[in-house]
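K.L.:
I have a structure I would like to understand better, so I am pasting it below and will then ask my questions one at a time.
The values are calculated or read from the model by the stated rules, or taken from the named source; none is laboratory data. Keep in mind that what you see is a predicted model, and the values were worked out from it rather than measured. Note that we place each Cβ from the backbone using ideal geometry, even for glycine, and neighbour counts take in every protein chain shown.
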Amino acid sequence: MKIAVPLPNPEDLPAEVRERLSALPPLNVFRMAANAPANFLPFLEFASSILFATGLDPREREIAILRVAHSTGSVYEWTQHRILAKNEGLSDAEIEIIDGDGEVSGLDDTGNLLCRVADEISRDVKLSDEALASILDHYGTRTATELIFVCSYFNMLSRFLESTRVELEESEVLAGG
């Protein structure tokens, strides 16, 4: 028997959580987060701010997220965001490069920098002075800070997904954008 945190029975959830959950795509990550009702709505709001309200280009955001998923070994995060990355225009070849071992050097300068930032935050907890200076120079204060939030949030999420043992859905819910 595989041990995992069970997904909740929707009938056992508070009405507000049940209502929000029913309005979302049927993803197990959302269902698992609903196990913690006090955290569920703030989790959704933070996720929404990370995904839809930053100044970071969506394509660049997905490069960083994929590299976090690679660095942390989160199969669920990788699988879902691979679909989103393709929806944002990343090619199979670029995705393969992001999934490579070692330092990423096969993307453009910005893509390589995004992977470096994701790797350093995932592996070392903090950015090197050189990487921090590079993203401040490239993006400015606001977007550099948002990039750090993106990588930090997806590090937290990968740890949540892997520790609870969230399983992939049987179909690609996010396919087609």
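K.L.:
Within segment 60-100, restricting attention to residues that are of a type in the set (Gly, Ala, Ser) and assigned to a helix (DSSP H, G or I), which residue is nearest to residue 174 (Cα to Cα)?
P.N.:
85
Condition check ((1) farther than 17 Å from residue 148 by Cβ; (2) free of Cβ contacts under 8 Å to residues at least 24 places away in the same chain) across all residues:
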| position | (1), (2) |
| --- | --- |
| 63 | no, no |
| 66 | no, no |
| 82 | yes, yes |
| 95 | yes, no |
| 119 | no, no |
| 128 | no, yes |
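K.L.:
Please go through segment 21-67 and pick out each residue that is in contact with a Phe, Trp or Tyr (Cβ under 6 Å, 6 or more places away or on another chain) and within 13 Å of residue 157 (Cβ to Cβ).
P.N.:
33, 50, 65
K.L.:
Would you confirm whether or not segment 126-142 contains a residue that is at pLDDT 95 or above, part of a helix (DSSP H, G or I) and within 17 Å of residue 155 (Cα to Cα)?
P.N.:
The answer is no, given that none of the residues of segment 126-142 is at pLDDT 95 or above, part of a helix (DSSP H, G or I) and within 17 Å of residue 155 (Cα to Cα).
K.L.:
So, one more: Only one of (1) over 16 Å from the mean Cα position of the chain (by Cα); (2) surrounded by 15 or more Cβ atoms within 10 Å (Cβ to Cβ); (3) not charged (D, E, K, R) fails for residue 122. Which number is that?
P.N.:
Only one criterion in (1) over 16 Å from the mean Cα position of the chain (by Cα); (2) surrounded by 15 or more Cβ atoms within 10 Å (Cβ to Cβ); (3) not charged (D, E, K, R) is unmet by residue 122, namely (1).
K.L.:
Condition first: among the aliphatic types (A, V, I, L, M) and either touching a residue at least 12 places away in the same chain (Cβ under 8 Å) or closer than 20 Å to residue 8 by Cα (or both). Now tell me which residues in segment 34-51 satisfy that.
P.N.:
Selection gives 34, 36, 38, 41, 44, 47, 50.
K.L.:
Another question, then. Go through segment 101-114 and count every residue that is within 15 Å of the chain's Cα centre (by Cα) and either farther than 12 Å from residue 147 by Cβ or β-branched (Val, Ile, Thr) (or both).
P.N.:
0
K.L.:
Is it the case that segment 166-175 has a residue that's in a helix (DSSP H, G or I), at pLDDT 95 or above and either surrounded by 12 or more Cβ atoms within 10 Å (Cβ to Cβ) or not basic (Lys, Arg) (or both)?
P.N.:
no
K.L.:
If you don't mind, another one. Just checking, how many residues over segment 130-161 are of a type in the set (A, V, I, L, M), in contact (Cβ under 8 Å) with a residue 24 or more places away in the chain and either in contact with a Gly (Cβ under 8 Å, 6 or more places away or on another chain) or farther than 21 Å from residue 81 by Cβ (or both)?
P.N.:
Qualifying residue count, segment 130-161: 0.
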